[in-house]
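Report on the following structure.
The values are calculated or read from the model by the stated rules, or taken from the named source; none is laboratory data. On a predicted model such as this, the values are computed, not experimentally measured, just so you know. Cβ placement follows ideal geometry from the backbone for every residue including glycine, while neighbour counts extend to all protein chains displayed. Remember, those area values only see protein heavy atoms, side chains included, never the ligands or the DNA or RNA. Shrake-Rupley method; radii C 1.70, N 1.55, O 1.52, S 1.80 Å.
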Amino acid sequence: GFSAWQVGKYEVVGGRPAVRARYIPKPRPGEIGLDEFKKYAAELPANVMIIDTRTVAEGKSGKLKTARLIPAEELKEHRSEIPKNKLVVLHCNTGVIAEVAYNSLKDLGYDNVKFFNGKVEFDKSGSYTIAKE
């Protein structure tokens, strides 16, 4: 800590910092950007598959029209339905389960896979919002 710094006789400077520190989060390995994910959610290219990794019960609250619901814990059993020749994009409510699913598919030999690390929320009318936190 600071007292050890002083004992070591390292320089201590007072006053206002010369530079303002700013935190800019670095994307995690495999993370897809907000704009790209929104584009795929609106209109899915033929070479992309979106997988909603939420549970079946969560999926009843609504889902993206461009997505296929395969709960994260069932990915291994459904791998024959997941093409290796397409970009596979995973999402959930918050990005946490999607990241776990991303790692599971990587372990199963999928190289062209990404996940959305953000919020996807559905309302009762079937509308949705997509946002980064």
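Against the chain, whose longest principal axis comes from its Cα atoms, helix 96-107 is set at around 70 degrees.
For K119, the aspartates and glutamates whose Cα comes closer than 16 Å to its Cα, not counting residues fewer than 8 places off in the same chain, are E31, D35, E36, D52, E58, E99, E133. GNM remark for the chain: springs join alpha carbons under 10 Å apart, and the peak mean-square fluctuation among E31, E11, E121 falls on E11. Per residue, the solvent-accessible area of the chain (1.4 Å probe, heavy atoms of protein chains only, all protein chains present) comes to 69 Å².
Note on the chain: helix-only mean residue ellipticity at 222 nm, from DSSP H runs of 4+ residues weighted -39500 (n - 2.57) and normalised by residue number, equals -6000 deg cm²/dmol. A protection proxy built from the mean count of other Cβ atoms within 10 Å ranks the segments 126-132, 96-102, most packed first, as 96-102, 126-132.
Annotation: the antiparallel percentage among DSSP beta bridges lying fully within the chain is about 25. A protection proxy built from the mean count of other Cβ atoms within 10 Å ranks the segments 2-10, 58-66, most packed first, as 58-66, 2-10.
Each other residue within a Cβ distance under 15 Å of R79 adds +1 if Lys or Arg and -1 if Asp or Glu, for a net charge of -1.
Per residue, the average separation of C-alpha pairs within less than 8 Å and at least 6 apart gives the chain a relative contact order of 24 percent. Cα-Cα over 27 Å: which of K65/K86; K26/K124; K63/K86? Result: K26/K124 exceed 27 Å. Checking (1) 14, 51, 31, 3, 0; (2) 12, 44, 34, 10, 1; (3) 11, 37, 23, 7, 10, 10, 1 against P(r) over Cα pairs in 10 Å bins from 0, in percent calculated from these atoms, the matching label is (3). When the accessible area of the chain is computed with all protein chains present and a 1.4 Å probe, what percentage of it is carbon and sulfur? The value for the chain is 53 percent carbon and sulfur by accessible area.
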